[in-house]
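Following: one structure in structure tokens, then a few remarks.
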Amino acid sequence: MDNRTNTIAGWVLGACGVALGLGIVGGMVYHSGAPEKPGFPIEGAEAEGGGGAAEVPIATLLATADPAKGADVFKKCTACHTITQGGANGIGPNLYATLGEGIAEGKAGFAFSDALKSHGGKWGFDEMNAWLTSPRKFASGTKMTFAGLGNAQDRANVIAYLNQQGSNLPLPAAPAAGAPAAADGKADAKADAKAEGNTTAAAEPAKGAAPAPTAPAPAPAATAH
């Protein structure tokens, strides 16, 4: 009886050892981990993590935007939108002369979502850039299903193309590259002027104070005769 029990216990311990060994080997062979580079980039997906480069202002990108390239990118939108003058609304509104118009207004009575109606304002260059970046962020609850254009230059090209289609608004001036430095220089100049004024005030006698006594004039030197 004791021998049989010992045999069974030995088989159990042996099986446990074999299972543990197989688990270790399997973990080494089938190691799982995040890939260094995603296999399928998704347009419009936001980059995770901070520390990215500062976003270039849309006014800067519009200065070199290509409306012809924007027309090519806009082909993605033609399933829902027309852009010809007098074109019919589809799943989305006709987009002729949209820049400069009130947001969610006009367009032959198109049924805009309440989310977009409540936004207010007009379609300026900054507003259109924000909308094309992420419609859901621009107006949470919008009926627009397009995820957005992740490439900033593509957005600038599309906006330039939209502007040519009946809006023709003057492009915004690109911010000067040396503007921050100039502002710092003005601040330094103001600080220097203030310091100089304090020094001058310290050198001048207080108002109403008696003038400091002057030293007696030296006696005239004796002249030789």
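Annotations for the structure displayed:
- Listed cross-link partners K76/K137; K69/K143; K69/K117 are compared with a 24 Å cut-off, the Cα-Cα value being larger for K69/K143; K69/K117.
- Estimated distance in nm for a label pair at A174 and E55, the labels positioned 7 Å out from Cα along Cα-to-Cβ: 1.9 nm
- Taking the 1.4 Å solvent-accessible surface of the stretch 48-144 as the whole, the part contributed by carbon and sulfur is 55%.
- Packing-based ranking, highest mean first, of 75-84, 158-167 given that Cβ atoms within 10 Å are counted: 158-167, 75-84
- Nonlocal amide H pairs with K122, under 5 Å, H built at 1.01 Å: I103
- Counted charge near F112, where neighbours are those whose Cβ lies closer than 11 Å (Asp, Glu -1; Lys, Arg +1): +1
The values are calculated or read from the model by the stated rules, or taken from the named source; none is laboratory data. The model shown is predicted, which means the values in this text are computed figures rather than measured ones. Note that we place each Cβ from the backbone using ideal geometry, even for glycine, and neighbour counts take in every protein chain shown. When the accessible area is computed, the model is the full protein with side chains, heavy atoms only, and any ligands, DNA or RNA have been set aside. Shrake-Rupley method; radii C 1.70, N 1.55, O 1.52, S 1.80 Å.
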